[in-house]
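What follows is a set of notes on a single structure, which appears directly below.
Please treat every number below as a calculation from the coordinates, not as lab data. Just so you know, these numbers come straight off a predicted model, no measurement behind them. Here Cβ is always computed from backbone atoms with ideal geometry, including for glycine, and neighbour counts include all displayed protein chains.
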Amino acid sequence: MILEVVKYGQPVLRQKGARIEAFDAEVRHLIADMLETMYAAKGVGLAAQQVGRALQVTVIDVAGVPDRPSTMEVDGKAVDLHGYMPLVLVNPEIKPTGDAISGPEGCLSFPEIYADISRPEFVEVKALNDKGKPISFRAGGLLSRAVQHEVDHLNGILFIDRMDKKTKEEVRPEIEELQTDTKARLAAAKKK
């Protein structure tokens, strides 16, 4: 089922997600819905907060982005990314490494707002997959950026928090308009 992607101004986007302790039918159903929602929205990542749930769950699929390459290593060996997509990361722990690199980012919760964000080039990831099994890998390129962006969401951090001051000032009018619209919709929904 395609879920509504919440927009900036929704309080859940600032909430740290609760850890998943049991892989029950509800969690499996949420993961399936998040994948369907991410693909329908043409995104490369989606965090549970973005569908209104403050949980440590994110889904990622960068396989369909040939112009922004990704690398992935498992047990120190490069692997074919396509064999691992889509990725489901539950209770992820990350360790960003390498030099910071600036690159373009957008966010489904901030439609039509894009900015260059500086993030470490690589990230080491430990998480549980959709079956509750431990996974670990090292990512570079777009996959590294997507993992860091989505794990930020799981901790209530948004990509606007990572913007440099000049960039944030440039997009401030769009951010404020989005927040105002979201709060107005929330207020209208409460009155119903």
Scaled by the rule-of-thumb 2.2 N^0.38 Å, the alpha carbon Rg for region 2-56 gives a ratio of 1.10
In whole percent, the Cα-Cα distances of region 118-171 spread across 5 Å bins from 0 upward as 4, 17, 21, 23, 18, 8, 4, 4, 1
Ranked output for segments 134-144, 59-69 by mean other Cβ atoms within 10 Å, highest leading, reads 134-144, 59-69
Once Arg185 and Ala40 are pulled to full extension, the length gained, defined as 0.36 nm per residue separation minus their Cα-Cα distance, is 50.0 nm
Cα extents of the chain along the principal axes, largest first, in whole Å, come to 53, 43, 26
In the chain, taking the dipole from +1 charges on Lys and Arg beta carbons and -1 charges on Asp and Glu beta carbons about the Cα centre, the listed residue (Val62, Gly132, Ile20) farthest towards the positive end is Ile20
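Treating only the Cβ atoms of Lys and Arg (+1) and Asp and Glu (-1) as charged, compute the dipole magnitude of region 11-191 about its Cα centre; round to the nearest 20 debye. Walk me through the intermediate numbers first.
Details: 24 positive and 28 negative charges, 109 e Å.
Dipole of region 11-191, to the nearest 20 debye: 520 debye.
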Relative contact order in percent for region 11-191 (Cα pairs under 8 Å, 6+ apart) equals 24
Too long for a 22 Å Cα-Cα cut-off, among Lys95/Lys166; Lys77/Lys133; Lys95/Lys133; Lys16/Lys95; Lys42/Lys133; Lys7/Lys133, are Lys95/Lys166; Lys42/Lys133; Lys7/Lys133
Counted neighbours (other Cβ, 10 Å), sorted fewest up, put Tyr114, Tyr84 in the order Tyr114, Tyr84
So Val65 and Ala100, fully extended at 0.36 nm per residue minus their Cα-Cα distance, gain in nm 10.5 nm
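Sort 145-152, 2-9, 161-168 for me by packing, meaning the mean count of neighbouring Cβ atoms within 10 Å per residue, highest on top. Spell out each step's value before the answer.
Working: 145-152: 24.0, 2-9: 17.8, 161-168: 13.2.
Answer by packing, highest mean first, reads 145-152, 2-9, 161-168.
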His82 and Arg19 label points (each 7 Å along its Cα→Cβ direction) are spaced in nm at 3.7
Restricting to aspartates and glutamates and to Cα separations under 13 Å from Lys165, and discarding same-chain partners fewer than 8 apart, the set is Asp116
